[in-house]
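Let me begin by presenting the structure, written as structure tokens, before commenting on it.
The numbers here are math on the coordinates, done by the rules we state, and not lab data. No experiment lies behind these values; they were computed from the predicted model shown. Cβ placement follows ideal geometry from the backbone for every residue including glycine, while neighbour counts extend to all protein chains displayed.
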Amino acid sequence: MVLREQGGDSPLRPPPHRRNLPRYYSHRSSSSCSCRCCCCWCCCFFLFVLIIVIAVAAYISLVVKPKVPSYSVDNLSIGDLSFNPADLTIHSKFIVTVRAKNPNDMIGIWYRDGSRVMISYRNTSLCSGHLPSFYQGHHNTTVMHVVLEGHNKLGAGVHGVFEENRRTGRIPLHVFVRVPVSLRVFNTDWRQVTVNVTCALVVDGLSPNKKVGITSADYKVEVDL
């Protein structure tokens, strides 16, 4: 069909027919939006937890002010020390007086089971034992008498050096203490840690039923978290 415009001869053509193509709508935009919202909430949650942890750590550092406890060997006495040349073994019984000082104002210390105390000479164990299990309050000093016993092979070479040290009156010993402890703050027990104490002693003798003089002592305290 052709139409003609009035006053002219030019025909009018109808507009071309347009096809309505089907449109397909994707849900990608809505899913990506929900994913972004989820990530945002997760980030906010972790940020909140981080702020809480930092606040608690700052409070502990500024208010509680944790301090490492100190340890010392006040006295060492010999109950028995005998060497068997037939099999190169040595039987020993030491009584060690250990002083533990808790300098904290607001932290108590639980000394748990599973501790170990050992005295060695030139990497050879002489005797061992354990600390008692007890609770130590803040600003408290506790003195413990620990009995250590052992029956170990000393070796001919080590025994010769040991006897020479006894004659000169300078016997180097190492005292090792390993004890699990729990910290108590505001009547709440926190996680358990392990305290390791190494003490390098020099004594003037190791004769039974005779006072042992401690010439020098060097202490090192480490905490395993």
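Here are the numbers for the structure shown:
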| item | result |
| --- | --- |
| Hypothetical label at Val64: residues of segment 96-114 whose amide nitrogen lies under 14 Å (7 Å Cα-Cβ projection) | 104-110 |
| Proximal charge balance of His174 [Cβ under 12 Å; K/R count +1, D/E count -1] | +1 |
| Loop-located trypsin sites (Lys or Arg not before Pro) in segment 158-225 whose Cβ has at most 14 other Cβ within 10 Å (DSSP) | Arg170, Lys210, Lys211 |
| Positive minus negative residues near Ile107 (Lys, Arg vs Asp, Glu; Cβ under 15 Å) | +3 |
| Approximate spin-label separation Ser77-Lys153, in nm, with each point projected 7 Å along Cα-to-Cβ | 3.4 |
| Principal axis dimensions, segment 146-225 - Cα atoms, whole angstrom, descending | 53, 26, 22 |
| Residues Phe48 and Arg191, FRET efficiency given R0 of 25 Å [Cβ-Cβ distance, rounded to 0.05] | 0.65 |
| Overall dimensions of segment 70-224 as given by Cα atoms, namely Rg and Dmax in Å | 17.1, 58 |
